[in-house]
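The values are calculated or read from the model by the stated rules, or taken from the named source; none is laboratory data. Because the structure is predicted, anything quoted here is derived from the model rather than measured. Neighbour counts run over all protein chains shown; Cβ positions are idealised from the backbone, glycine included. Only protein heavy atoms, including side chains, enter the accessible area calculation; ligands, DNA and RNA are left aside. Shrake-Rupley method; radii C 1.70, N 1.55, O 1.52, S 1.80 Å.
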Amino acid sequence: DRNKNQPTGEKASGLTLSNVPRDSENLKSRGHMHRIPNKSTPKTDSNQKNMEAFQSWVSEHKLTSIGAVWASAIGASLAYNSRGKSPLKPSLRLIHARMHSQALTLAVLSGAAAYHYYEKSTSNQEKVTNA
């Protein structure tokens, strides 16, 4: 008998599909919707040029960039493990830092190998189409 007095369905919540606020309308009225910038803005062009310059430098100096990643990973791991009170001895921290940087270096080397393979395959395809 108690359940008969309680409203059910749409009437229970007081909301119907017609009066439910839509998220986009609600966000626009609050000023939270941002316009997506045009892709041809000068800032994007300079970012693209910087990225292309960085990619060409990395392509020319592969071993230097991999060594820099390795050294950065060692430093970051040592800094992370030495903060606070760690129960590990400094020698163990160094070993763990070396292992972390080695794993990251293997990942970077794998990525470099994949990029090199991709670069070669696209240059071979260009030679075939130009011939």
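Checking the structure you have, find out if any residue of segment 15-22 is open to solvent by 100 Å² or more (accessible area, probe 1.4 Å), modelled with pLDDT of 85 or more and either in a loop (DSSP other than H, G, I, E, B) or of a type outside the set (A, V, I, L, M, F, W, C) (or both). Give the steps one after another, and end with the answer.
Filtering segment 15-22 for residues open to solvent by 100 Å² or more (accessible area, probe 1.4 Å) gives 17-18, 22.
Checking which are modelled with pLDDT of 85 or more leaves us with none.
Looking through segment 15-22, none of the residues is open to solvent by 100 Å² or more (accessible area, probe 1.4 Å), modelled with pLDDT of 85 or more and either in a loop (DSSP other than H, G, I, E, B) or of a type outside the set (A, V, I, L, M, F, W, C) (or both).
Between A114, A103, which is more than 16 Å from V58 (Cβ to Cβ), aliphatic (A, V, I, L, M) and without any contact (Cβ under 8 Å) to a residue 40 or more places away in the chain? Before you say what the answer is, go through the steps one by one.
Numbers: A114 fails: more than 16 Å from V58 (Cβ to Cβ).
After ruling out the rest, the residue left standing is A103.
For V128, state whether it is more than 20 Å from the chain's Cα centre (by Cα) and β-branched (V, I, T). I'd like the intermediate steps shown before the answer.
Working: more than 20 Å from the chain's Cα centre (by Cα): yes; β-branched (V, I, T): yes.
When the stated conditions are applied, V128 passes them.
Sort out which residues of segment 89-101 are open to solvent by 60 Å² or more (accessible area, probe 1.4 Å) and either within 25 Å of Q55 (Cβ to Cβ) or not in a helix (DSSP H, G or I) (or both), and write them in order of number.
K89
Output yes when any residue across segment 39-58 is open to solvent by 100 Å² or more (accessible area, probe 1.4 Å) and at pLDDT below 55, and no when none is.
Scanning segment 39-58, I find at least one residue that is open to solvent by 100 Å² or more (accessible area, probe 1.4 Å) and at pLDDT below 55, so the answer is yes.
Considering only residues of segment 102-131 that are of a type in the set (S, T, N, Q) and open to solvent by less than 60 Å² (accessible area, probe 1.4 Å), which is modelled with the lowest pLDDT? Outline the logic, then answer.
Keep residues of segment 102-131 that are of a type in the set (S, T, N, Q), which gives 102, 105, 110, 121-125, 129-130.
Imposing the further condition that a residue be open to solvent by less than 60 Å² (accessible area, probe 1.4 Å) reduces the set to 105, 121-123.
Details: T105: 89, S121: 86, T122: 85, S123: 82.
That would be S123.
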